[in-house]
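The values are calculated or read from the model by the stated rules, or taken from the named source; none is laboratory data. Here the structure is a predicted model, which is why all the values come from computation and not from measurement. Because the Cβ atoms are built from the backbone with ideal geometry, glycine has one as well, and the counts that use them run over all protein chains shown. We work out accessible area using only protein heavy atoms, side chains counted, and drop any ligands, DNA or RNA first. Shrake-Rupley method; radii C 1.70, N 1.55, O 1.52, S 1.80 Å.
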Amino acid sequence: DPVQVNLIYVQSRDRIINGSHPCTKEEAVLFAAYQCQVQFGNHNEAKHKPGFLNLAEFLPREYQKVKFIDKEIFKEHRKLHYMKEVNAKYRYVTLCRSLKTYGVTFFLVKEKMRGRNRLVPRLLGITRESVMRVDENTKEVLKTWPLTTVRRWAASPNSFTLDFGDYSESFYSVQTNEGEKISQLIAMYIDIIMQKKKPLHTDVPDEEDEPVVVETHVDSKIAKMMQYHKSNVGHAGLESLVQPGM
């Protein structure tokens with residue numbers, strides 16, 4: 001349906017340009033080339049030259065001032081000769097949905113550099129399946145942790161910390177004033193995962209398998225920890241640290 005394709009294309013294009021779906025420079029060039037084919041049709045050597053494009057309408061902000069990037073866009077645009085408008089829109093949407101960052105909620109945070117007393121900007125991404133670190137400049141995915149490996153997390157007014165238990169050697173901590181939002185999003189996704197893992201039967205468990213809930217007050221100013229584990233297992237199955245109400 002061309003109407004539906006156009007609607008999805010416009011939504012995808014706007015989210016690429018406004019940065020909602022972070023992408024690499026190479027991916028941004030491809031998106032812009034498809035957009036050129038949609039808006040202008042086949043490449044015209046006499047018309048489509050550097051300076052022709054209003055790059056703010058084709059690229060995310062971080063790539064708009066990259067030197068000679070319009071030449072790169074037109075180079076890719078030439079390869080799309082004779083591609084129909086609806087097909088170019090479909091290719092745009094398909095590429096958008098193939099991004100590693102597609103469907104991710106991002107938070108701009110600050111991360112301490114290893115071995116140095118310096119903070120650098122970083123994108124912390126949360127999906128229904130994972131937590132990821134993304135380079136704020138290149139949009140390269142630096143690290144991905146399955147959400148099922150999260151053992152506990154803590155939100156404070158100026159920071160957010162994740163503990164992946166044995167899956168990671170140390171805590172992952174960032175500076176942010178959106179810790180509570182991150183905490184709520186992770187809690188929601190983990191709750192969905194736990195709901196899916198619930199058995200369909202309603203049999204009463206054996207005494208040794210009965211779930212135990214242990215509540216520990218770590219610090220009234222920072223967090224309250226809830227540990228969920230089985231009484232016959234010596235480690236926590238799932239822990240969550242959430243900031244209490246004032």
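Observations on the model:
- Cα shape, the range 126-195, gyration tensor, a/c 1.5 rule: rounded
- Area accessible to solvent at Ser159, 1.4 Å probe radius, in Å²: 30 Å²
- Principal axis extents of the Cα atoms in the range 73-132, from largest to smallest and rounded to whole angstrom, are 54, 30, 14.
- Accessible-area rank, largest first, for Ile193, Ile186: Ile193, Ile186, with all protein chains present and a 1.4 angstrom probe.
- Taken along the Cα-to-beta-carbon direction at a fixed 7 Å, the label points for Asn137 and Phe52 span 3.1 nm.
- Per atom type, the range 53-183 shows carbon and sulfur on 46% of its accessible surface, probed at 1.4 Å.
- Thr161, Thr148, ranked by accessible area, largest first (probe 1.4 Å): Thr148, Thr161
- When the alpha carbon coordinates of the range 1-73 are projected onto the principal axes, the ranges are 34, 26, 17 Å, largest first.
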